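One structure is given below, encoded as C-alpha cells.
The values are calculated or read from the model by the stated rules, or taken from the named source; none is laboratory data. Everything numeric here is computed off the predicted structure, so don't read it as measured data. Cβ placement follows ideal geometry from the backbone for every residue including glycine, while neighbour counts extend to all protein chains displayed. Remember, those area values only see protein heavy atoms, side chains included, never the ligands or the DNA or RNA. Shrake-Rupley method; radii C 1.70, N 1.55, O 1.52, S 1.80 Å.
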Amino acid sequence: MSKTGASKGVGKLSEAVIGFAATRPEELFFQIRKGERPRQKAHACDSRSQSWPQCFVVRLSDRCNLACTYCFDAANSARRQDMDLTTARQIADYILRVPGSKPVISFFGGEPLVNWKTGRFLLETLRREGSAKGKDPYFNVITNGTLITPELARELVADDITVQISIDGSRQDHDRYRRYPNGAGSHQATLGGLELLRAASPKARVDAQVVLTPGNVNMTGIAENLKAAGFRRIKFLHLSDSEGRKRVWPASAVRRLMQGHEKFYRYYLQSAINGHPEVDMGFAYLVASQPEGPKGLCTCGLYEICIGARGDIYPCPRLYGHPSVPTLGNCATIDPAAPLNVSRPAPSPDSECARCWAYDWCGGGCSFQCQKCALMPSGRSTVTQRLWCDLMRARFARAAITYRLLRQSYPKCLESIQMLFSDGSVA
Ligand code: SF4
Ligand code: SF4
C-alpha cells in the first residue's frame, strides 16, 4: 500500500490520540475506561473446559520436505510417518459425529502436501458424507507452498480450499530459517506456489502466515511486501522460545519487537480505514472480540484440536508428541458425543497472571504470542517474560482503544473487521 493511499481517510481520528494509543496504550486504555479495570476472575478459562471442538488440525504427515532451523515440530518425539487411508477414514467418522454443523478442517504437517492423496480422500469423504448429515465443512491447508504444482494449484482452487502459506517476508529474512535439508533457501519456491495459485484463479484464497524472529520485526514492511505479492490475509506469530532450546529472544530483541508493533499500529489503523483490516488477522481478532474481549488466547482442546497421523488427539499442534502431554484419545475409539475435557491450570495467587489486569482476555497467554502456554505454564518469571507480557497487554489495550475509535468514527470499518470472523472462526 502506498503512503498516499494509506494516509487517506484518517482525518476523523486525532493524530494525538493515535500517537498515544501507539506509544502508551495501557495508560490511554485506563483513562478511557475511567480507571475501571476488566473484572478479574482467575477461573475464567475453567468454565470453557467442556466443549466439542469445531476446528480440526489434521496432520497428514509428520514428514516435511524442508528442514527449517526454527521448527517447533523438530522437537516432538512422534514417529515420522504419513497418515494412511484407514486412519483417515476413522478421522472422518469422528469429525462427522462430533456435534456441530460447520467443522473447520486444517490440513497440517509436517508438510501436508507430501501426503495429499490422503488429504484429498478426507476432503471428498467429509464433503460427501457431511452434506448428507447437514454439515458444511470448511477446508484450509497450511503449507510451505514449495510443493504446489500447476495441477495441484488448479485442484486446490477448484476444491475451494483456503491455502495458508508460511512465509516470513523478504527473501533474506525467510531464508534465514526456512531452508531445504541441503541448506538452500525456500523463498523462491514458496513464492512460486503463490504464483501458481494466482494463475489458477485470481480468486484463489491464499493467506500468509509470518513468524516474526529477532531481526525480522518490521511488520509494516512485511505486510506491504506480502500484500503487494498477492497474499490475501496476513497472520503474524512470534517465534517461540522452545523448551530445551537455547533462548533466541534476548530482552533487547523483545524490545525491538515491541517497537515493531508500536510502529505497525498506525499502519494497521490506516489500512483498516482504507478497507484492509486483514493485514494483521491476530490484531483484527482482538478488535472484533471487543467490548468483552477474547475469552483467552488459547482455544486448544476447546474450539480446536490437533489430530496426528495415527489418529491420536492432542490439544494443540505445538504440544503434539510432547513427552509430558498425554493424548486426549484416538479418533478410532473416543466417543465423539462426549465433550473433551482439557483442564487448564488456574494461575497460583502469587503469579504474574493472577495479578494481571488482562487475565480474562489472555487466559495465561500462548507460546506463539507471549511465550507462555496456557496449558503448560512454565512458572518462569524473568525480565524477558515480563516484556512479553507487556507486549501482549499493549496489544489488548490497543485493540480496546481501536474498537472505540472505529465505533465512534468509522462504524463501517469496525463492521468489516467483525465480518472477518463472522463464520465463528478465530484468527
Ligand atoms: S499477559 Fe502475561 S501475565 Fe497477563 S495473563 Fe497473559 S500470560 Fe499472564
Ligand atoms: S497456549 Fe499453549 S496449548 Fe494453547 S495454542 Fe498456545 S501453545 Fe498451544
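Worth pointing out:
- Cross-chain or 6+ apart pairs with Cβ under 6 Å, segment 137-153 first and touching a residue at least 60 places away in the same chain (Cβ under 8 Å), then surrounded by 17 or more Cβ atoms within 10 Å (Cβ to Cβ) and assigned to a loop (DSSP other than H, G, I, E, B): ASN144/LEU66; ASN144/GLU111; THR146/SER186
- Restricting LEU212, LEU197, LEU191 to residues that are surrounded by 15 or more Cβ atoms within 10 Å (Cβ to Cβ), out of contact with any Ser or Thr (no Cβ under 7 Å at 6 or more places or on another chain) and over 14 Å from ILE165 (Cα atoms) narrows the list to LEU212.
- Considering only residues in segment 287-305 that are of a type outside the set (A, V, I, L, M) and part of a strand (DSSP E or B), the one that is least open to solvent (accessible area, probe 1.4 Å) turns out to be CYS300.
- Exclusive hit being open to solvent by less than 30 Å² (accessible area, probe 1.4 Å) and more than 13 Å from ligand 1 (Cβ to nearest atom), set LEU387, LEU391, LEU420: LEU420
- Sole exception among (1) at pLDDT 95 or above; (2) closer than 30 Å to GLN408 by Cβ; (3) surrounded by fewer than 20 Cβ atoms within 10 Å (Cβ to Cβ) for VAL279, by number: (3)
- Verdict on LYS227 being in contact with a His (Cβ under 8 Å, 6 or more places away or on another chain) and either assigned to a helix (DSSP H, G or I) or among the small types (Gly, Ala, Ser) (or both): yes
- Residue match in segment 274-291 (condition: within 16 Å of ligand 1 (Cβ to nearest atom), touching a Cys at 6+ places or on another chain (Cβ under 6 Å) and under 28 Å from LEU340 (Cβ atoms)): no
- Single residue of LEU123, LEU152 found to be in a helix (DSSP H, G or I), more than 24 Å from VAL211 (Cα to Cα), of a type outside the set (Phe, Trp, Tyr) and open to solvent by less than 10 Å² (accessible area, probe 1.4 Å): LEU123
- Only residues that are basic (Lys, Arg) and part of a helix (DSSP H, G or I) were counted in segment 126-149, giving 2.
- Residue in segment 320-335 that is closer than 25 Å to VAL211 by Cα and away from ligand 2 (no atom under 12 Å from the Cβ) present: yes
- Every residue from segment 91-120 that is open to solvent by 60 Å² or more (accessible area, probe 1.4 Å), closer than 20 Å to GLN164 by Cβ and not in a helix (DSSP H, G or I): LYS102
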